Amino acid sequence: MVCSNVLIASLLLAGGSMTQVAERLLTKRETAEMVRAPARTLDRWRLLGIGPVGFKVGKRVLYREVDVQRWLAEQRRITGRGDIA
């Protein structure tokens with residue numbers, strides 16, 4: 001889980017407000033676990049513009065949990081496969 005200080009600092013650096021603090025940000029490792037892919041695959045997808053939307057805060061790439069969930073749902077819709085396990 002991302003440290004709350006990182007969450008607050010990330011939102012403030014991204015121009016967010018304190019009302020957005022409840023939004024969960026995921027690290028690359030957490031996102032990789034969520035989509036069940038290696039972290040290096042996330043890097044490749046990011047370069048190709050085909051994976052979940054992420055953004056940099058300093059040297060770290062973070063992902064909004066809602067964006068990852070939305071991307072997974074879109075992949076399910078595109079492939080016509082069943083529910084996410």
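The values are calculated or read from the model by the stated rules, or taken from the named source; none is laboratory data. Since we're looking at a predicted model, the values are computed, not measured. Methodologically, a virtual Cβ is constructed for each residue, glycine included, from the backbone with ideal geometry; neighbour enumeration extends over all protein chains shown.
Observations
- Pairs linking a residue in the range 24-37 that is of a type in the set (Val, Ile, Thr) to a residue that is assigned to a strand (DSSP E or B), with Cβ atoms under 9 Å and 6 or more positions apart or on different chains, are Thr27/Arg60; Thr27/Val61; Thr27/Leu62; Thr27/Tyr63; Thr31/Gly54; Thr31/Val61; Thr31/Leu62; Thr31/Tyr63.
- Test set (1) modelled with pLDDT of 95 or more; (2) out of contact with any Pro (no Cβ under 7 Å at 6 or more places or on another chain); (3) surrounded by 13 or more Cβ atoms within 10 Å (Cβ to Cβ) - Arg36 fails condition number: (3)
- Figure legend. Inter-residue proximity from the range 58-78: first residues touching a residue at least 12 places away in the same chain (Cβ under 8 Å), second residues basic (Lys, Arg), beta-carbon distance below 6 Å, spacing 6+ or different chains. Indicated pairs: Val61/Lys28; Glu65/Arg24.
- Checked against (1) at pLDDT 95 or above; (2) in contact with a helix residue (DSSP H, G or I) (Cβ under 7 Å, 6 or more places away or on another chain); (3) surrounded by 13 or more Cβ atoms within 10 Å (Cβ to Cβ), Arg29 meets all criteria but (3).
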